[in-house]
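Reading through the structure tokens given below for one structure.
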Amino acid sequence: MELKQIVTGFTGTENCTMTPITNGLINTTYLVEDHDSEEKFILQKINRQVFHFPEIVTNNHLLINKMLENGSYPLQLVNLKKTLSGNLMMKDDEGESWRMLSFIEDTRTFFKIPDLKTAYESAKAVGSFLNTVNPSDLPDIKIPIPDFINFEKRISDYQMSLQNANADLLNNAEPEIELTNALLFLPQKWIKMEKEGLLPKRIIHGDPNVRNILFDKNSSPLAVIDLDTVTVSTILYDFGDMARSYTNTLDEDDGNAADNFNPQIYRTVKDGFLLYLKEKLTFEELENLDYAAQVVIYIQAVRFLTDYLNGSTYYSIKYPEHNLDRTRNQLELLKGLRKYLKDDL
């Protein structure tokens, strides 16, 4: 089945242009321009190596959008476009699942936060999203990626990769392995709190990276996008991932990073995040925000390093050492955060 046949299944026309969008890490994405209706859409093949049950992703998306529509959520929504036969997805000849999403015009995205104002507004947007999708009774959100926030398993997977990795990969990553091993104590408190039920289960975005916010020309947030990873877990994960992605002054791929943590942005992100959520969070959640930022950065470094040692089978890479450079970047970011938190005591 050709790509145009898939597009036709959603739009009913072959009179369209398809342009690859290559800055994503997981799904295969195209911008579709329908020349008959003069509309634009996003077409994606859902990566079934990551999302084993694509229908969970689309069903979660519908549930979240319904809550956002019924709440006082101030931002725009990305909607699913049904096929001509009324389905949310279309299967190709290989059994791959494709979906089409609405396209929001005149937007821009950032790979890193440019200034404090954008940091605050972005964190406020995510906080508003999380506040709206967390009523007293949670809807039936399914888990799209089992064990995605299972830090005990992340550590186990890492330790297994150390046992099975190619000798050359182990040698190349020796400094990073040494530092990662020295910090293995970090996630233990998180694991313990989860087992003891001290962290309330909430709906979280799962990937509140700055890349997943669309901005207008004035750098004001228009939409929080990419709901694929929406799941039920601790809200501390979303704060930690925001701190991880927002405070990095360099590209995530920069393996030569030095002093890439911005403490001013960190403080600003925390203020923006708490604007809508402070009254909703428990004492344990509020007390562990700084800790969560450290753990999430560390676990992301572990994930990049694990994938590198496994032969880079999960994350898309552009060169053999790509995941190792990402690991180095995260470890440097963690170093900066830990230094700041110690100095701030």
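Some points to look at:
- Per residue, the convex hull spanned by the alpha carbons of the chain comes to 144 Å³.
- Computed log₁₀ I(q)/I(0) - Debye formula, equal Cα scatterers, no solvent, region 69-200, q 0.20, 0.22 Å⁻¹: -1.21, -1.27
- Solution diffusion estimate, µm²/s, Stokes-Einstein, region 1-158, Kirkwood Rh from C-alpha pairs, 20 °C, viscosity 1.002 mPa s: 120 µm²/s
- In the distance distribution for region 253-328, Cα-Cα pairs more than 21 Å apart total 45 percent.
- Ordered by solvent-accessible area of protein heavy atoms (1.4 Å probe), largest first, the residues PHE148, PHE10, PHE103, PHE185 come out as PHE185, PHE103, PHE148, PHE10.
- Surface composition of region 182-261: carbon and sulfur atoms hold 50% of the protein heavy-atom accessible area at a 1.4 Å probe.
- 1.4 Å probe accessible area per residue over region 1-100, in Å²: 53 Å²
- Normalised by the number of residues in the chain, the average gap of Cα pairs under 8 Å and 6 or more apart makes the relative contact order 19 percent.
- The charge dipole of region 204-345, taken about its Cα centre with unit charges on the Cβ atoms of Lys, Arg (+1), Asp and Glu (-1) only, comes to about 160 debye.
- The count of lysine pairs in region 112-249 with alpha-carbon distances below 22 Å, taking only pairs 8 or more places apart or on different chains, stands at 14.
- Probing with 1.4 Å while keeping every protein chain in the model, the per residue accessible area of region 172-246 equals 35 Å².
The values are calculated or read from the model by the stated rules, or taken from the named source; none is laboratory data. Worth saying up front: this structure is predicted, and the values here are computed from it rather than measured. Cβ coordinates were reconstructed from backbone atoms using ideal geometry, including for glycine residues, and neighbour counts include every protein chain displayed. Ligands, DNA and RNA are stripped out before the accessible areas are found, and what is left, the full protein with its side chains, is counted by its heavy atoms. Shrake-Rupley method; radii C 1.70, N 1.55, O 1.52, S 1.80 Å.
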